[in-house]
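Student: I have a structure I would like to understand better, so I am pasting it below and will then ask my questions one at a time.
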Amino acid sequence: MKLLIDTNVIIGLEDAGEIKERFADLVRKCGEHGVSVFVHEVSKEDINRDKDEARRAATLSKIAKFPLLKGVATPGEATLEKRYGKLTKANDVVDVKLLHAASINVVDFLVTEDDGLHRRAKTAGMADRVFTVADALAWIRQTFEPDEVFLPAVQSVKAYNIDFADPVFDELRPDYDGFDKWAAKCISEHRDCWIIKDGLALAGVIIRKDETHAAARTKYTGPKILKLCTFKVAEPHRGQKLGEQLLKQALWHVQRNKYDLVYLTAYAKQEPLIRLLEDYGFSQTLKIKNGELVFEKPVGHGPITLMKGESVLNAAHRNYPRFIDGPSVRKFVVPIKPQYHAKLFPENLPADAVTGATGRPGNTIRKVYLCRAPSCQLQPGDLIFFYMTKSHSCGSQSLTSVGVVENVRLSGNLEEVRRWTAKRSVFSDVELRDLVREARPLKIIDFLLIGHLGPTVPLTLMTHNDILRSWPQSITQIEEEAYQTLKPHLNLDFHF
């Protein structure tokens with residue numbers, strides 16, 4: 001496999017020690033696992049335009065150890081602009097040429113710390129092919145070192161359970177005067193928190209509190225408002241989707257407990273966090289005098305109304321975890337074997353089944369399911385209900401979980417499967433190889449996890465009420481009349 005690195009990854013990292021250390025780790029692990037790392041010739045050309053001779057020479061020396069991609073066939077700027085967005089400066093042209101090299105599979109993934117490039121990739125439908133350094137390192141570990149993958153658990157604790165001397169807070173102190181005084185206040189007030197721990201160390205934390213609108217001074221009035229006072233993932237654990245897991249916890253909490261608004265503040269430099277928030281319905285509403293940006297997400301409780309020109313899938317992102325389930329949205333049952341159910345939904349296992357702890361393992365919002373079902377009906381926006389086949393565990397022969405389809409693709413090519421599943425897959429490279437070896441191509445279903453049913457819906461109930469005729473052996477559509485019979489039994493802890 002091949003990675004293309006944007007030169008911003010290795011230029012000027014002396015002031016960002018953690019990124020520099022992660023990048024060195026990434027390069028080392030790429031060498032260990034036979035993953036090639038390249039620099040594009042347009043990046044070198046961009047460096048050569050630097051008028052500072054000493055800086056130019058230093059930068060060129062840094063990238064000299066990486067092989068250069070030369071002569072990549074690239075369309076003209078007008079075509080590039082049409083595919084990847086407006087090109088207003090020379091660096092934009094460099095960015096889209098890097099994206100283009102990934103789009104035609106000269107390389108498998110592009111690695112960059114450039115927020116603008118990540119946003120351009122998302123607009124072009126290439127977000128799954130563009131990594132941060134932390135993303136790339138996490139992908140290497142998941143793919144080639146699966147025994148060492150950190151499986152997190154989101155725990156609910158009080159602030160007095162947290163050691164505020166933990167390194168996770170070191171980055172926050174310089175940005176917030178009186179941080180330790182504020183931490184002492186959180187402890188004395190017994191503030192509620194969600195944390196993820198790796199051994200004794202804090203890997204991620206949210207500190208939260210209920211607020212009135214008079215205190216929050218948000219654009220949206222509430223009245224029931226939740227502030228995420230602190231939202232932080234420790235530097236060594238970036239790229240492992242812990243922020244996504246914490247955000248999922250927060251959004252499920254506000255929906256279940258009927259909040260009207262959830263908000264937090266962030267600095268512009270917190271680019272990955274801001275991209276994540278915007279993906280799930282937060283928008284910047286205010287800017288505080290100290291430079292912090294306010295991000296708010298109104299929380300609805302009734303049926304979703306589509307905005308003009310909005311797709312059902314985009315509405316699901318904007319309103320997450322709520323979704324649209326009207327007659328125009330198709331519904332399908334997706335059978336899944338117990339061993340794959342446990343891998344895809346570890347948080348739906350008994351508390352001690354994976355961690356041996358009292359907390360349940362966390363998981364991401366965006367997932368991928370691999371199967372060989374012959375059905376080609378699934379489309380973005382469709383609802384899918386996972387049916388766990390017969391097992392000895394809780395949820396046997398029942399509907400357990402709900403998702404919204406984002407994308408469906410077919411492939412029998414290992415390289416394609418690797419590229420399409422890298423940011424979502426829970427499979428190691430060995431497992432992917434075994435899956436691809438079989439004769440029929442894989443169906444790759446990208447989906448948003450909406451939630452888990454509690455209680456699950458057993459097969460006996462569905463057959464008795466003519467929702468299904470028998471146990472589903474493949475992906476099976478539920479007709480609208482049958483869905484209306486099923487809907488009262490779908491308990492997601494919120495109305496939809």
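The values are calculated or read from the model by the stated rules, or taken from the named source; none is laboratory data. Being a predicted model, the structure only gives us computed values, none of them experimental. Ideal geometry is used to build each Cβ from the backbone, glycine not excepted, and the neighbour counts take in all protein chains shown.
Student: When region 255-265 is examined, which residues are found to be surrounded by fewer than 22 Cβ atoms within 10 Å (Cβ to Cβ), out of contact with any Asp or Glu (no Cβ under 7 Å at 6 or more places or on another chain) and not charged (D, E, K, R)?
Tutor: The answer is ASN257, TYR259.
Student: Please state which of the following conditions VAL107 fails to meet, knowing it meets all the rest: (1) under 20 Å from the mean Cα position of the chain (by Cα); (2) in contact (Cβ under 8 Å) with a residue 12 or more places away in the chain.
Tutor: Against the list (1) under 20 Å from the mean Cα position of the chain (by Cα); (2) in contact (Cβ under 8 Å) with a residue 12 or more places away in the chain, VAL107 comes up short only on (1).
Student: Out of PRO298, PRO303, which single residue is of a type outside the set (Gly, Ala, Ser) and surrounded by 14 or more Cβ atoms within 10 Å (Cβ to Cβ)?
Tutor: Answer to the check: PRO298.
Student: Filter region 106-127 down to residues that are closer than 13 Å to THR421 by Cα and assigned to a strand (DSSP E or B), then give me how many there are.
Tutor: The total comes to 1.
Student: Okay, moving on. Do any helices (runs of 4 or more DSSP H) lying entirely in region 1-67 carry at least 2 residues that are at pLDDT 80 or above, out of contact with any Lys or Arg (no Cβ under 7 Å at 6 or more places or on another chain) and among the hydrophobic types (A, V, I, L, M, F, W, C), and which ones are they?
Tutor: Counting at least 2 such residues, we get 17-32, 53-63.
Student: Within region 453-490, restricting attention to residues that are buried (at least 20 other Cβ atoms within 10 Å of the Cβ) and of a type outside the set (A, V, I, L, M), which residue is nearest to LYS248 (Cα to Cα)?
Tutor: THR456
Student: What strands (runs of 3 or more DSSP E) lie completely within region 128-214 and have 1 or more residues being aromatic (Phe, Trp, Tyr), in contact (Cβ under 8 Å) with a residue 24 or more places away in the chain and in contact with a strand residue (DSSP E or B) (Cβ under 9 Å, 6 or more places away or on another chain)?
Tutor: Passing ranges, in order: 192-198.
Each row is one residue, and each column tells you yes or no for (1) in a loop (DSSP other than H, G, I, E, B); (2) of a type in the set (D, E, K, R); (3) assigned by TED's automatic domain parsing to the domain that holds THR221.
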| residue | (1), (2), (3) |
| --- | --- |
| ILE274 | no, no, yes |
| THR285 | no, no, yes |
| LEU306 | yes, no, no |
| ARG322 | yes, yes, no |
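Student: Something else about it: When both residues are 6+ apart or on different chains and their Cβ atoms are under 8 Å apart, which pairs have a first residue that lies in region 329-346 and is farther than 17 Å from ARG366 by Cα, and a second that is among the β-branched types (Val, Ile, Thr) and assigned to a helix (DSSP H, G or I)?
Tutor: Within 8 Å, the pairs are VAL329/VAL312.
Student: Considering each residue of region 419-450, count those that are of a type in the set (Lys, Arg) and closer than 16 Å to ALA127 by Cβ, and give that number.
Tutor: Within region 419-450, residues that are of a type in the set (Lys, Arg) and closer than 16 Å to ALA127 by Cβ number 3.
Student: Are any residues in region 264-297 out of contact with any Phe, Trp or Tyr (no Cβ under 8 Å at 6 or more places or on another chain), without any contact (Cβ under 8 Å) to a residue 60 or more places away in the chain and over 23 Å from ALA134 (Cα atoms), and if so, which ones?
Tutor: LYS287, ILE288, LYS289, ASN290
Student: Continuing with the same structure: Do the conditions hold for ARG433, that is, is it free of Cβ contacts under 8 Å to residues at least 40 places away in the same chain and basic (Lys, Arg)?
Tutor: Yes.
Student: Does region 8-19 contain any residue that is of a type in the set (S, T, N, Q) and surrounded by 14 or more Cβ atoms within 10 Å (Cβ to Cβ)?
Tutor: Scanning region 8-19, I find at least one residue that is of a type in the set (S, T, N, Q) and surrounded by 14 or more Cβ atoms within 10 Å (Cβ to Cβ), so the answer is yes.
Student: Also: If you check ASP95, ASP46, which single one turns out to be under 29 Å from GLU235 (Cα atoms) and either touching a residue at least 60 places away in the same chain (Cβ under 8 Å) or assigned by TED's automatic domain parsing to the domain that holds ALA136 (or both)?
Tutor: Answer to the check: ASP95.
Student: Just one of the numbered conditions (1) surrounded by fewer than 17 Cβ atoms within 10 Å (Cβ to Cβ); (2) over 29 Å from HIS301 (Cα atoms) is not true of ALA215; which one?
Tutor: (2)
Student: If you don't mind, there's one more thing I want to ask. What single numbered condition from (1) surrounded by fewer than 14 Cβ atoms within 10 Å (Cβ to Cβ); (2) at pLDDT 90 or above fails to hold for LEU200?
Tutor: The failed condition is (2).
Student: Check region 398-407 and report whether any residue there is surrounded by fewer than 16 Cβ atoms within 10 Å (Cβ to Cβ) and either free of Cβ contacts under 8 Å to residues at least 24 places away in the same chain or of a type in the set (Gly, Ala, Ser) (or both).
Tutor: Scanning region 398-407, I find no residue that is surrounded by fewer than 16 Cβ atoms within 10 Å (Cβ to Cβ) and either free of Cβ contacts under 8 Å to residues at least 24 places away in the same chain or of a type in the set (Gly, Ala, Ser) (or both), so the answer is no.
Student: While we're here: Give me a count of the residues in region 76-105 that are farther than 20 Å from ASN8 by Cα and among the aliphatic types (A, V, I, L, M).
Tutor: 3
Student: I need a count of the residues in region 68-87 that are part of a strand (DSSP E or B) and surrounded by 14 or more Cβ atoms within 10 Å (Cβ to Cβ).
Tutor: 1
Student: Follow-up. Condition first: under 11 Å from VAL333 (Cβ atoms) and in a helix (DSSP H, G or I). Now tell me which residues in region 459-489 satisfy that.
Tutor: Correct list: LEU459, MET462, ALA482, TYR483, LEU486.
Student: Being of a type in the set (S, T, N, Q), crowded, with 18+ Cβ neighbours inside 10 Å and part of a loop (DSSP other than H, G, I, E, B) is the filter here, so list the residues in region 218-250 that pass it.
Tutor: THR218, GLN240
Student: Can you find a residue that is among the small types (Gly, Ala, Ser), at pLDDT 95 or above and out of contact with any Cys (no Cβ under 8 Å at 6 or more places or on another chain) anywhere in region 337-346?
Tutor: For region 337-346, residues among the small types (Gly, Ala, Ser), at pLDDT 95 or above and out of contact with any Cys (no Cβ under 8 Å at 6 or more places or on another chain): absent.
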